Ligand code: CO8
């Protein structure tokens, strides 16, 4: 599929997916979402870390496209919401780490896209918010589910009910982002974090992600049992043998993801 709204850049085992709809500050219409769906559904196996960012200096993603949503009825609204939610869920459940490099506005669907990623880092000009109720709708790309998980119900409800937009330093304070950098530094820092991940065993990272993601929604016994199962499975991998042999031989491990 040819992409009109995504710019894809490969840097070795790291792939950068840049949302690019500059006329609308990278707003998500159904065409953008379908391209994103195609991209994440066919992500090639040599990609070991995905970085998601927005084109330009001002915006990560300024939300779902209001001009498209303005004319929707109930069924169409349901379907548009489901499309975005399904794509974001695919991103969340990719077997590799996904870093959101939030380079500006992350409003509505933009904040929801960032939250579907494993980790968020932001530029100092980034702004976050769920302003949907000001448009007569609610967050529809899983924001009501993910925001309380990240920042707690109290703050999530305040953000969603008031629609207030918060700055990057506030997002850092409440745990919505892991770090804030100057705009020009952001992509370098995202790549640096990705490189650190690349030094580790890919199957182990994938198992850790599965254990955290799936375990979060289980009760304690089930979550611990899941971790136990995935931990045991690590011992079927060559990476475990290579990693431990390298340690015992005082060498640096080289992992093959096998
Ligand atoms: N949709 C469509 N167009 C947009 C959007 C958007 N979300 N955001 C910005 N644009 C367009 C503007 O209309 C403008 O277009 P034009 O140049 O043709 O007038 C252009 O981008 C530039 O924007 P501004 O001139 O407004 O730039 P400013 O710097 O003055 O303001 C803001 C930037 C603050 C980001 C402002 O554009 C804004 O408030 N945008 C809307 C933010 C918003 O409300 N986002 C949430 C949308 S709702 C949502 O995401 C719901 C997700 C779940 C959907 C479920 C569906 C069922």
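The values are calculated or read from the model by the stated rules, or taken from the named source; none is laboratory data. Just so it is clear, the structure is predicted and the values come from calculations on it, not from any experiment. Every residue, glycine among them, receives a Cβ derived from its backbone with ideal geometry; neighbour counts consider all protein chains shown.
What the table below lists for this structure:
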{"item": "When residues of segment 123-145 are limited to those that are in a helix (DSSP H, G or I) and within 8 Å of the ligand (Cβ to nearest atom), the one nearest to residue 230 (Cα to Cα)", "result": "143"}
{"item": "Single residue of 172, 176 found to be surrounded by 16 or more Cβ atoms within 10 Å (Cβ to Cβ), in a loop (DSSP other than H, G, I, E, B) and at pLDDT 95 or above", "result": "176"}
{"item": "Lone unmet requirement of (1) touching a helix residue (DSSP H, G or I) at 6+ places or on another chain (Cβ under 7 Å); (2) over 17 Å from residue 89 (Cβ atoms); (3) surrounded by 15 or more Cβ atoms within 10 Å (Cβ to Cβ) for residue 1", "result": "(3)"}
{"item": "All strands (runs of 3 or more DSSP E) inside segment 51-122 with 1 or more residues being under 14 Å from residue 25 (Cα atoms), over 10 Å from the mean Cα position of the chain (by Cα) and near the ligand (Cβ under 8 Å from one of its atoms)", "result": "59-61, 105-107"}
{"item": "Selection status of residue 189, more than 16 Å from the ligand (Cβ to nearest atom), closer than 26 Å to residue 82 by Cα, at pLDDT 95 or above and part of a helix (DSSP H, G or I)", "result": "no"}
{"item": "Test result for residue 256, at pLDDT below 95 and either surrounded by 13 or more Cβ atoms within 10 Å (Cβ to Cβ) or not in a helix (DSSP H, G or I) (or both)", "result": "yes"}
{"item": "Count of segment 16-50 residues which are free of Cβ contacts under 8 Å to residues at least 24 places away in the same chain and either within 14 Å of the ligand (Cβ to nearest atom) or within 15 Å of the chain's Cα centre (by Cα) (or both)", "result": "1"}
{"item": "Tally, over segment 78-105, of residues that are farther than 16 Å from residue 132 by Cβ and touching a strand residue (DSSP E or B) at 6+ places or on another chain (Cβ under 7 Å)", "result": "11"}
{"item": "Filtered residue count, segment 167-217, keeping only those that are in contact with a helix residue (DSSP H, G or I) (Cβ under 7 Å, 6 or more places away or on another chain) and under 24 Å from residue 133 (Cα atoms)", "result": "4"}
{"item": "Count - residues of segment 3-45 that are farther than 14 Å from residue 63 by Cα, in a loop (DSSP other than H, G, I, E, B) and modelled with pLDDT of 95 or more", "result": "7"}
{"item": "Single condition residue 148 does not satisfy, out of (1) over 13 Å from residue 88 (Cα atoms); (2) in a helix (DSSP H, G or I); (3) within 11 Å of the ligand (Cβ to nearest atom)", "result": "(3)"}
{"item": "Given (1) touching a strand residue (DSSP E or B) at 6+ places or on another chain (Cβ under 8 Å); (2) surrounded by fewer than 16 Cβ atoms within 10 Å (Cβ to Cβ), index of the condition residue 51 fails", "result": "(2)"}
{"item": "Verdict on residue 218 being at negative phi, assigned by TED's automatic domain parsing to the domain that holds residue 92 and either touching a residue at least 24 places away in the same chain (Cβ under 8 Å) or surrounded by fewer than 18 Cβ atoms within 10 Å (Cβ to Cβ) (or both)", "result": "no"}
{"item": "Filter result for residue 241 (over 19 Å from the mean Cα position of the chain (by Cα), surrounded by fewer than 16 Cβ atoms within 10 Å (Cβ to Cβ) and within 16 Å of the ligand (Cβ to nearest atom))", "result": "no"}
{"item": "Qualifying positions in segment 151-169 - buried (at least 20 other Cβ atoms within 10 Å of the Cβ) and within 12 Å of the ligand (Cβ to nearest atom)", "result": "160"}
